[in-house]
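**Student:** Let me begin by handing over the structure; questions about it come next.
The values are calculated or read from the model by the stated rules, or taken from the named source; none is laboratory data. Note that this is a predicted model, so its numbers are computed, not measured. Neighbour counts are summed over all protein chains in view; Cβ atoms, including those assigned to glycine, are modelled from backbone coordinates with ideal geometry. Remember, those area values only see protein heavy atoms, side chains included, never the ligands or the DNA or RNA. Shrake-Rupley method; radii C 1.70, N 1.55, O 1.52, S 1.80 Å.
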Amino acid sequence: MMTDAPSELLQKPFRFYLKKHWGVASLGIACLLVTNSLETLIPWLVGKTLDKITGGAPLTEIGGVIGWLFAIVAFLSVFRFLWRVFWARFHHTAAQDLRNRLFARMSVLGPSFFRTRKIGQLITLISNDVNSFRMGIGPGLLVFLDGVILAFLILPMMVSISPSWTWKCLALMPFVPFTVNAILKKLNLEYRSRQGAFADLSGSAQEIVSGIRVIKSFAQEDQQTRQFNKHSRSFAGACDRVAGWDAVFGPALELPVALGSVLLLLLGTGEVMAGTVTLGQFFAFYQY
């Protein structure tokens, strides 16, 4: 459809828009990196505070750590605001560019192109599909970057507290990608089905509204209503299937983490009671 578009946009759209809007995207990533770095320090500082309280440290020492904690939380709020602003500007600008390219291409196509395609599908392409792309290059890519950055920041902190706790609590994590991959295959199939059902629904609504005079002239209101209701039920069913697989996705990720937390409680309680690990270290590790 976009034969005049750069080949990189058609083949690797994420990379194309990251290069095209690298300035604002890099600012968003930089602010995200600072935000995650500050977030990583909070459990460590709270753990230090707990250790000073349980160790009977002077109030001045405790107050100093709390002061650092307050400063970090303040800076964290600023940088969290900034990465949201920069990253939102990036993916909304990318979606605007893609939407404009699609519309510009459609405006020069001949009548033969539109005779073989439903208007509702084209409307869905410009509105719903472009927004889905925006969600992928925006929140979707952000979650991926957030996970990678946090993994590189948190794992060394966990290992510094207890290497044995780290590998035991994360023992189930290697199985997560296989589970996620299986769920994503099903989710992608159902999502494509939902996109098709939405296009049919949009096309039916457009045809009914644009041809309402003809429909009323031939008393076809009931037939058109039944047809629209059929498309509406199909779209609702497709949405339910997508929601069902999406509901499975979260627990599949959370279960290994929850089991790791339970295992930590079993392993850590005895060591804290024995004095080999401080309460502050246990708290920090649990938070990580």
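**Student:** Determine which member of the set LEU9, LEU33, LEU38 is of a type outside the set (Ser, Thr, Tyr) and within 30 Å of THR116 (Cα to Cα).
**Tutor:** On the way: LEU33 fails: within 30 Å of THR116 (Cα to Cα); LEU38 fails: within 30 Å of THR116 (Cα to Cα).
Unique residue meeting the criteria: LEU9.
**Student:** Another question, then. Looking at THR40, THR60, THR49, THR54, can you tell me which residue is in contact (Cβ under 8 Å) with a residue 12 or more places away in the chain and surrounded by fewer than 14 Cβ atoms within 10 Å (Cβ to Cβ)? Quick ask: steps written out before the conclusion?
**Tutor:** Details: THR40 fails: surrounded by fewer than 14 Cβ atoms within 10 Å (Cβ to Cβ); THR60 fails: in contact (Cβ under 8 Å) with a residue 12 or more places away in the chain; THR49 fails: surrounded by fewer than 14 Cβ atoms within 10 Å (Cβ to Cβ).
Going through THR40, THR60, THR49, THR54 in turn, the sole match is THR54.
**Student:** Only one of these is surrounded by 13 or more Cβ atoms within 10 Å (Cβ to Cβ), in a helix (DSSP H, G or I), hydrophobic (A, V, I, L, M, F, W, C) and at pLDDT 85 or above: ALA182, ALA197. Name it.
**Tutor:** Numbers: ALA182 fails: surrounded by 13 or more Cβ atoms within 10 Å (Cβ to Cβ).
When all the criteria are applied, what remains is ALA197.
**Student:** Checking the condition surrounded by 14 or more Cβ atoms within 10 Å (Cβ to Cβ) and closer than 30 Å to ALA284 by Cβ, which residue from PHE70, PHE79 passes? So that I can check it myself, show each step before the final result.
**Tutor:** Values: PHE70 fails: surrounded by 14 or more Cβ atoms within 10 Å (Cβ to Cβ).
None of the other options fit; the residue is PHE79.
**Student:** Is there any pair with a first residue in segment 202-222 that is in contact (Cβ under 8 Å) with a residue 40 or more places away in the chain and a second that is polar (S, T, N, Q) whose Cβ atoms are under 7 Å apart and which are 6 or more apart or on different chains, and what are they?
**Tutor:** Qualifying pairs under 7 Å: SER202/THR124; GLY203/GLN121; SER204/GLN227.
**Student:** What's the total number of residues in segment 1-60 that are part of a helix (DSSP H, G or I) and either within 27 Å of LEU142 (Cα to Cα) or hydrophobic (A, V, I, L, M, F, W, C) (or both)?
**Tutor:** Filtering segment 1-60 for residues part of a helix (DSSP H, G or I) gives 7-11, 13-20, 22-54, 59-60.
Applying the additional criterion that residues be either within 27 Å of LEU142 (Cα to Cα) or hydrophobic (A, V, I, L, M, F, W, C) (or both) yields 7-11, 13-20, 22-46, 50, 53, 59.
Count: 41.
**Student:** Same structure again: Scan segment 227-254 and report the pairs whose first residue is touching a residue at least 60 places away in the same chain (Cβ under 8 Å) and whose second residue is polar (S, T, N, Q) and open to solvent by 50 Å² or more (accessible area, probe 1.4 Å), with Cβ atoms within less than 8 Å and a gap of 6+ or a chain change.
**Tutor:** ALA252/THR179
**Student:** If you take the residues of segment 241-273 that are of a type in the set (Val, Ile, Thr) and either open to solvent by 80 Å² or more (accessible area, probe 1.4 Å) or under 30 Å from the mean Cα position of the chain (by Cα) (or both), which of them is modelled with the lowest pLDDT? Steps first, please.
**Tutor:** Let us first name the residues in segment 241-273 that are of a type in the set (Val, Ile, Thr), namely 242, 248, 257, 262, 269, 272.
Filter again for either open to solvent by 80 Å² or more (accessible area, probe 1.4 Å) or under 30 Å from the mean Cα position of the chain (by Cα) (or both), leaving 242, 248, 257, 262.
Working: VAL242: 89, VAL248: 86, VAL257: 79, VAL262: 86.
Of everything passing the filter in segment 241-273, VAL257 is modelled with the lowest pLDDT.
**Student:** Exactly one of these conditions fails for THR276: (1) modelled with pLDDT of 85 or more; (2) among the hydroxyl-bearing types (Ser, Thr, Tyr); (3) not in a helix (DSSP H, G or I). Give me its number.
**Tutor:** Among (1) modelled with pLDDT of 85 or more; (2) among the hydroxyl-bearing types (Ser, Thr, Tyr); (3) not in a helix (DSSP H, G or I), THR276 violates only (1).
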